[in-house]
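*Asks:* One structure coming up, written as structure tokens, with questions to follow.
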Amino acid sequence: MQGYNCIAVLHPDGERWLMCKRLKDPYKGLYNLVGGKIEAGEDHLDAAYRELFEETALTRDDIGIVRLMSFDYPLDGCYVEIYAGRLKTEKQVSGEENELVWMSVSENFFDMSRFAGEGNIGHIYEILKLHPEI
């Protein structure tokens, strides 16, 4: 079963989180969390930090992330682990794979015409709100 990760990066002010606008399928043109594939034999937390660095240039020194939840898709042969953390200080993000955007947490993340994941982005944010320690 192929593993993937998504990382919810909260701005230090807690009023925004980092989204990427997908430039290719799946979800081309929609906003999503940053993340990617977990390589065979790779530690899952290390994979999340690797993808975070590749897509945003953020490191473990910039943010501590914890596993928030996971989604299992047996009919599709994959699973997705969701990690979350808050930047320690405001930091410049950069990446070439997708357009990066700091988005207000007041958005309707259940709007599937704008956000990837069949409503999962909204669900992730609702669970994240239950954990103000992040």
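No value in this document is a laboratory result; all are computed from the given coordinates. If you're wondering where the values come from, they're calculated on a predicted model, not measured in any experiment. Because the Cβ atoms are built from the backbone with ideal geometry, glycine has one as well, and the counts that use them run over all protein chains shown.
*Asks:* Can you give the log10 of the normalised intensity I(q)/I(0) at q = 0.18, 0.21 Å⁻¹, computed with Debye over equal Cα scatterers of the chain?
*Replies:* Log-scaled intensity ratios, in q order: -1.01, -1.44.
*Asks:* Continuing with the same structure: Tell me, what is the Rg over Rh of region 1-76, with Rh the Kirkwood radius over Cα pairs?
*Replies:* Details: Rg = 13.0 Å, Rh = 13.5 Å.
A ratio of 0.96.
*Asks:* Okay, next question. Note down the net charge around residue 21, summing +1 for each Lys or Arg and -1 for each Asp or Glu among other residues with Cβ under 10 Å from its Cβ.
*Replies:* Values: positive: 22, 28, 114; negative: 99.
Around residue 21, the charge tally is +2.
*Asks:* Continuing with this model, one more query. Cα extents of region 53-122 along the three principal axes, largest first, in whole Å?
*Replies:* 38, 24, 23
*Asks:* A further question follows. Let's see if you can work this out: charge +1 on each Lys and Arg Cβ, -1 on each Asp and Glu Cβ, no other charges. What is the dipole magnitude of region 10-65 about its Cα centre, in debye to the nearest 20? Before the final figure, lay out the partial values.
*Replies:* On the way: 8 positive and 12 negative charges, 83 e Å.
Computed charge dipole of region 10-65: roughly 400 debye.
*Asks:* State to the nearest 20 debye the size of the charge dipole of region 41-134 about its Cα centre, where the only charges are +1 on K and R beta carbons and -1 on D and E beta carbons. Let's see the in-between values first.
*Replies:* Working: 8 positive and 20 negative charges, 88 e Å.
It works out to roughly 420 debye.
*Asks:* Using the Karplus curve 6.51 cos²θ - 1.76 cosθ + 1.60 with θ = phi - 60°, work out ³J(HN,Hα) for each residue of region 127-134 in order, rounded to whole Hz, and write x for Gly and Pro.
*Replies:* 5, 4, 4, 6, 10, x, 5, 7
*Asks:* For region 2-129, calculate the relative contact order in percent as a whole number, restricting contacts to Cα pairs under 8 Å that are 6 or more residues apart.
*Replies:* 33 percent
*Asks:* Further, regarding this structure: Taking springs between alpha-carbon atoms closer than 10 angstrom, which of 70, 113, 94 fluctuates most in the Gaussian network model of the chain?
*Replies:* 113
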